[in-house]
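Inspection log for the structure reproduced underneath, given as structure tokens.
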Amino acid sequence: RYTSETFIQNQFDPVRKIENRKLFGSGVRMKLSEKNFIGASTFYELETLTNNMENNDVRLSTYLQLDFDVSEKIQFLTTTYVQPNTKQFTDFKLSTESQINFEITKNLSFTNTIEAIYDTYPAYGVKELSYRLQNGIQFNF
């Protein structure tokens, strides 16, 4: 029911003026049901913003991952993270990504995804809340 997890990430996001964000960490994940999990970890973050500002932080991370079938042909998936800075809990990032898949055939689906990110200390000139909506076609081999 419990498993350990270790992760490494390298990210950039020109819209949010993140030139590069590297992080690595580890934690524990608990299985709530067959496809649903909750997790807690600690990670080190090195973030370079486009104005050459650097953030070197240790953050906590908790997440909830849910995956369930709405019907035989519709699947809903969502993952939400809350990541406070260990030195200043008012400095936190909250992100959620939710996707709904509509099965067209056994191997082909239409997808609709929304991602929302809230950062209490974003790069200069960037709003605290950003979001992205994406539609797509998914083919599974």
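Just to be sure I understand the filter: pairs with C-beta atoms under 8 Å, separated by 6 or more residues or on different chains, first member in region 90-102 and over 11 Å from Ser61 (Cβ atoms), second member basic (Lys, Arg) and assigned to a loop (DSSP other than H, G, I, E, B). Which pairs pass?
Pairs that qualify, where the first residue is over 11 Å from Ser61 (Cβ atoms) and the partner is basic (Lys, Arg) and assigned to a loop (DSSP other than H, G, I, E, B), are Phe102/Lys73.
Between a residue in region 21-34 that is surrounded by 13 or more Cβ atoms within 10 Å (Cβ to Cβ) and any residue that is of a type in the set (Asp, Glu), which pairs come within a Cβ distance under 7 Å, given they are 6 or more apart or on different chains?
Hits for this filter: Arg21/Glu45; Arg21/Glu47; Leu23/Glu45; Gly27/Glu5; Arg29/Glu5.
Would you point out the residue of region 42-57, among those that are open to solvent by 60 Å² or more (accessible area, probe 1.4 Å) and in a strand (DSSP E or B), that is farthest from Glu5 (Cα to Cα)?
Restricting to residues being open to solvent by 60 Å² or more (accessible area, probe 1.4 Å) and in a strand (DSSP E or B), the top hit is Glu54.
What's the total number of residues in region 103-124 that are open to solvent by less than 70 Å² (accessible area, probe 1.4 Å) and either among the small types (Gly, Ala, Ser) or in contact (Cβ under 8 Å) with a residue 60 or more places away in the chain (or both)?
Qualifying residue count, region 103-124: 6.
Count, please, the residues in region 59-76 that happen to be among the acidic types (Asp, Glu) and surrounded by 15 or more Cβ atoms within 10 Å (Cβ to Cβ).
1
Against the conditions (1) touching a Ser or Thr at 6+ places or on another chain (Cβ under 6 Å); (2) crowded, with 16+ Cβ neighbours inside 10 Å, where does Thr79 fall short? Just the number, please.
For Thr79, the failing item is (1).
Which one of the conditions (1) at pLDDT below 95; (2) open to solvent by less than 50 Å² (accessible area, probe 1.4 Å) does Phe139 fail to meet, given that it meets all the rest?
It fails just one condition, (2).
Out of region 69-124, which residues are closer than 23 Å to Phe12 by Cβ and aromatic (Phe, Trp, Tyr)?
Answer for region 69-124, where residues must be closer than 23 Å to Phe12 by Cβ and aromatic (Phe, Trp, Tyr): Tyr81, Phe92, Tyr118, Tyr121, Tyr124.
The values are calculated or read from the model by the stated rules, or taken from the named source; none is laboratory data. Quantities reported herein were computed from a predicted structural model and do not represent experimental measurements. Note that we place each Cβ from the backbone using ideal geometry, even for glycine, and neighbour counts take in every protein chain shown. Please note that ligands, DNA and RNA were not included when accessible areas were found on the heavy atoms of the full protein model with its side chains. Shrake-Rupley method; radii C 1.70, N 1.55, O 1.52, S 1.80 Å.
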